[in-house]
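One structure below.
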Amino acid sequence: MYETYVTITGRLVADPETRTTRAGQVFTTFRLATSERRRTRDGVFEDGPTSFYNVAAYRALGVNTRTALHKGEPVVVVGRQRVRQYQRSDESYGTSVEVEAMHVGHDLLWGQTVFSRPVRDESDVVEAGFGGEEAVPGVGLVDRLSGEIGDARHEHEGSGPEGDDEQEVLEEPVAQSA
């Protein structure tokens with residue numbers, strides 16, 4: 001079966017929430033609203049109908065999404081789309097569009113943001129319920145000394161106060177007056 005990948009821009013309807021699957025895996029969900037902007041025959045822009053998407057983010061993306069995004073903020077989501085039908089209590093049917101996020105970020109068309117790497121050791125990730133090193137196969141944890149992604153259990157060799165690496169000092173160029 002083919003999977004449908006989508007890129008959606010919109011605004012968060014509410015703050016992201018943490019949930020747990022039946023298997024005990026913790027993940028983050030949020031609802032995204034998006035409206036198409038259209039130009040009328042008079043040249044005036046107006047909002048078209050609003051579409052709503054249920055978005056789920058797993059593992060490290062879920063942790064970062066939960067702490068970085070807030071209600072009303074403009075975001076861009078890239079992920080796998082699934083359309084689900086369900087039966088309501090009055091026996092009528094409804095449809096929901098769900099996206100399993102692969103990438104999430106602020107939409108910089110509408111503002112600015114400051115990027116920071118999360119500083120976690122293995123116990124922080126496990127306590128948050130997102131698993132240890134297996135949480136993101138092939139990706140280690142962020143090293144607190146260097147900010148590099150690697151295995152946080154190994155000491156940082158060759159750098160830091162006791163390291164052998166010498167830091168090259170670059171001087172700021174001095175502006176010459178004319």
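The values are calculated or read from the model by the stated rules, or taken from the named source; none is laboratory data. All figures in this text were calculated on a predicted structure; none of them were measured in a lab. Cβ: placed from backbone, ideal geometry, glycine included. Neighbour counts: every protein chain shown.
Here are some conditions: (1) at pLDDT below 90; (2) loosely packed, with under 14 Cβ neighbours inside 10 Å; (3) of a type outside the set (Lys, Arg). Residue 103 meets all but one. Which one does it not meet?
It fails just one condition, (1).
Among 31, 37, which is the only one that is in the same structural domain as residue 99 (by TED's automatic domain parsing) and under 20 Å from residue 103 (Cβ atoms)? Spell out how you get there, then give the answer.
Numbers: 37 fails: under 20 Å from residue 103 (Cβ atoms).
Unique residue meeting the criteria: 31.
Within the stretch 70-81, can one find any residue that is more than 21 Å from residue 116 (Cβ to Cβ) and touching an Asp or Glu at 6+ places or on another chain (Cβ under 6 Å)?
Yes: one or more hits.
Kindly indicate which of 50, 21 is of a type outside the set (A, V, I, L, M), farther than 18 Å from residue 110 by Cβ and either free of Cβ contacts under 8 Å to residues at least 12 places away in the same chain or in contact with a strand residue (DSSP E or B) (Cβ under 6 Å, 6 or more places away or on another chain) (or both).
Numbers: 50 fails: farther than 18 Å from residue 110 by Cβ.
Of the residues listed, the single one that is of a type outside the set (A, V, I, L, M), farther than 18 Å from residue 110 by Cβ and either free of Cβ contacts under 8 Å to residues at least 12 places away in the same chain or in contact with a strand residue (DSSP E or B) (Cβ under 6 Å, 6 or more places away or on another chain) (or both) is 21.
Go through the stretch 1-53 and count every residue that is within 15 Å of residue 66 (Cβ to Cβ), in contact with a Ser or Thr (Cβ under 6 Å, 6 or more places away or on another chain) and not hydroxyl-bearing (Ser, Thr, Tyr).
Of the residues in the stretch 1-53, 4 are within 15 Å of residue 66 (Cβ to Cβ), in contact with a Ser or Thr (Cβ under 6 Å, 6 or more places away or on another chain) and not hydroxyl-bearing (Ser, Thr, Tyr).
Could you check the stretch 1-73 for strands (runs of 3 or more DSSP E) lying wholly inside it with 3 or more residues that are crowded, with 16+ Cβ neighbours inside 10 Å and either modelled with pLDDT of 95 or more or not charged (D, E, K, R) (or both)?
Details: elements: 4-12, 17-20, 26-39, 45-58.
So the answer is 4-12, 26-39, 45-58.
Just to be sure I understand the filter: pairs with C-beta atoms under 6 Å, separated by 6 or more residues or on different chains, first member in the stretch 82-111 and closer than 11 Å to residue 55 by Cβ, second member not in a strand (DSSP E or B). Which pairs pass?
If the second residue must be not in a strand (DSSP E or B), the pairs left are 104/65.
Among the residues of the stretch 79-100 satisfying the criterion of being among the hydrophobic types (A, V, I, L, M, F, W, C) and surrounded by 12 or more Cβ atoms within 10 Å (Cβ to Cβ), which is nearest to residue 64 (Cα to Cα)? It would help to see each step written out before you state the result.
Going through the stretch 79-100, the residues among the hydrophobic types (A, V, I, L, M, F, W, C) turn out to be 83, 97, 99.
Still in the list and also surrounded by 12 or more Cβ atoms within 10 Å (Cβ to Cβ): 97, 99.
On the way: 97: 23, 99: 17 Å.
Across the stretch 79-100, the extreme among qualifying residues is 99.
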